[in-house]
1. Taking amide H positions as placed in the peptide plane 1.01 Å from N, state which residues far from K484 in sequence (5 or more) or on other chains have amide H under 5 Å from it.
2. List, in the order given, every pair from K394/K485; K135/K394; K250/K394 whose Cα-Cα distance in the structure shown is over 32 Å.
3. Note down the nm distance, to one decimal, between modelled labels 7 Å out along Cα→Cβ at T424 and at D601.
4. Once label points are set 7 Å from the Cα along Cα→Cβ at both T502 and N521, what is their separation, rounded to one decimal in nm?
5. Around S407, which amide H atoms from residues at least 5 apart in sequence, or from another chain, sit under 5 Å from its own amide H, with H modelled in the peptide plane?
6. Can you pick out the pairs among K463/K557; K96/K596; K39/K463 whose Cα atoms lie more than 27 Å from each other?
7. About the Cα centre of the stretch 410-551, what is the dipole size in debye to 20, counting +1 per Lys and Arg Cβ and -1 per Asp and Glu Cβ, all else neutral?
8. Listed highest first by mean packing, meaning other Cβ atoms within 10 Å per residue, what order do 85-91, 251-257, 388-394 come in?
Amino acid sequence: MIGRVFDDRYEVVRKLGSGGFADVYLANDRLLGRQVALKILSSRYAHDEQFVERFRREASSAAGLNHPNIVQIYDRGEAEGTYYIAMEYLEGRSLKEIIVKYAPLAPELVVSVAVQIVEALRFAHRRDVIHRDIKPQNIIIDNDGRVKVTDFGIARAGSASTMTEAGSILGTAHYFSPEQAQGQPVEAASDLYSLGIVMYEMSTGALPFDGDNPVSIAMKHVHDRPAAPKTLNPSIPENLETVIMRALGKRPVDRYLTAQAMLDDLRRVQEGQPVTAPAGFAEEATRILSPGSTTAATMVSSAGTAGAQGTMIRRRDENPAPILDLDERHGRPRAVWPWVLVIVLILALAGAAYVILSNWNTASAEMRTVPNVVGLTEAAAQKRITDAEFVFEKKGVQPSADVPEGSIVRQDPEQNTKLEKGKTIGYWVSSGEGKVEVPDVTNKDQTQAAAILAKAGLEVATKPEVNADVAAGTVLRQNPEGGKKVDAGTTVTLIIAAASNTVKVPYLIGMMKDNAVSSLNSMNLTAVIKEVDSDQPGGTVVDQNPKNGTEVEPGTKVTISISNAPVVTTVKVPAVAALGLTEAEALARLAQYGLKARIIDLETPDVEPGLCIYQDPAAGETVKVGSYVDITISREPASTTTTTAPTTTTTKPPTTTTSSSTTTTTAAP
């Protein structure tokens, strides 16, 4: 692969890494003259519908998310018998590498990284995209300290019913949420739970849950409570620990329900302000505290801070030193229990009085759950607040690109908060799409320009234009121009300098019609279908115009002649073993005939590794369309072993409970 030009456009420089189902290469984009990270679906999965769908979903999910903290997708397509994604290339490392080498990380660094991840999730969630696989392996930190979220391979719209596919639970066991572990519907709070796990790992160097297999880990997510981070790293600030523990609530309603809410608390941590723990944590603190581990100082601290910061969580191993005093004259312990008992009795009486008064106030004030009014019209919001026996108050107006004019854009307190009946719920009304000033990004690099526009709340579209006077990838012009006032969310079209504006027509003869059309579409070419009489199997391409290798402009029409013969249910097996084909070439050739492959690895010193050396059935045999053909691929022998018997694997692996791919899509190894 190294040194080849993939899809007549991407010159492969070196391999960056491999994952469970794809390989990532550094490549030069010969069309736009820039470096990209080229993610190519492993050839053995190129005809597996589930893997192909996941690969396509990654491209489509991330392509619509133009944000400084999300890796940008430049191009996607199908070529050479497989699928690929061209994306932003970053010089940097994955967060997992940094955790392994340096954890526990400084609290300031943990918060800084978390803030940037939350910013990315907030942007995605507002566009109804749930990532569903947040983990350190999918977080890249470049050499300038910028954080980028990548790998939207299992992302779906927030309205998707569940996150199971073909009986599998997608995600990574150590990081997925309790609802993911149970195959239940996912929501924004699921991503925030996974982020809580990542923050826990950054802060302590350890994972909150581990086990012998993915199932046991999943059950711990569902049933077990994690140890408080301070038990592993006492230097963690209490407000940061509170944010982490809230993110790890077992039910979505126990966590942050929106990325904005979590971002607000992280900002408070940065400013050194206290963070209020959820009400449910008080019950956990009560359960963890025991008489033998409670000191007078602890009791005073809990009572004194409950109103401002929420209940303080105490650790199971926080046992005070024995309450003994050494009599210096006799060298034996001197009991001080009587004094301690007096202090405890006084504090107990004070605590009892506090509890009685608290219960009295709670009993006299009936509690209600705050309803959600965001997105409703003002009249509907007022009715819902009144029906829930609260008082409404309009706090003002606020520009929004997401909420229509006249609808509620924000409320305080947030939904599901417990509040006394009759209390006031404030709301802000959207003034419509707010006006923003378009930044001037001419003469800037395309990637930098896109980040600037995204930060200003604007969408980006690009068009290439051949220009030999400036570096490829430079912004030549923009529309609207810099300095103009436009609605938030407006699309700014960038004219990008390109080294060449032509593409080469691919070889299509022998392909099935759908594959040929998909290949042309991926190269921005238009397919024109023409049915012709032919003795070739029905639905296959028998001719094309222009011919393969012809340089044409994007958008050019390519006429493909399709055999109108009856669609056959059988096919003759093509020769793949006698031609010296590579594994990828053999798979692509079989796919052209509607056949699948089972790979048999054979370690041998006699043949160059990676070549197809045997096949079964043999070439020329008639089989049903969709049948499997066993192909034996030569492999390099292990240095300490002799040639072993072939081991069969399939292009469609068995269903498992997790997807453990840890591909780092844009980081150099």
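1. Under 5 Å from the amide H of K484 lie the amide H atoms of V438, each far enough along the sequence or on another chain.
2. In this structure, K135/K394; K250/K394 lie more than 32 Å apart at Cα.
3. Placing both labels 7 Å beyond Cα along the Cβ direction yields 6.9 nm.
4. With each label point 7 Å from Cα toward Cβ, the separation is 2.7 nm.
5. Under 5 Å from the amide H of S407: S430.
6. On the way: K463/K557 19 Å; K96/K596 36 Å; K39/K463 23 Å.
The answer is K96/K596.
7. 560
8. With the highest mean Cβ count within 10 Å placed first, the list reads 85-91, 251-257, 388-394.
FYI, it's all coordinate maths here, none of it is from the lab. Note that the structure is a prediction, hence the values are computed from the model and not measured. When we count neighbours, we look across all protein chains shown, and the Cβ atoms used for this are built from the backbone with ideal geometry, even at glycine.
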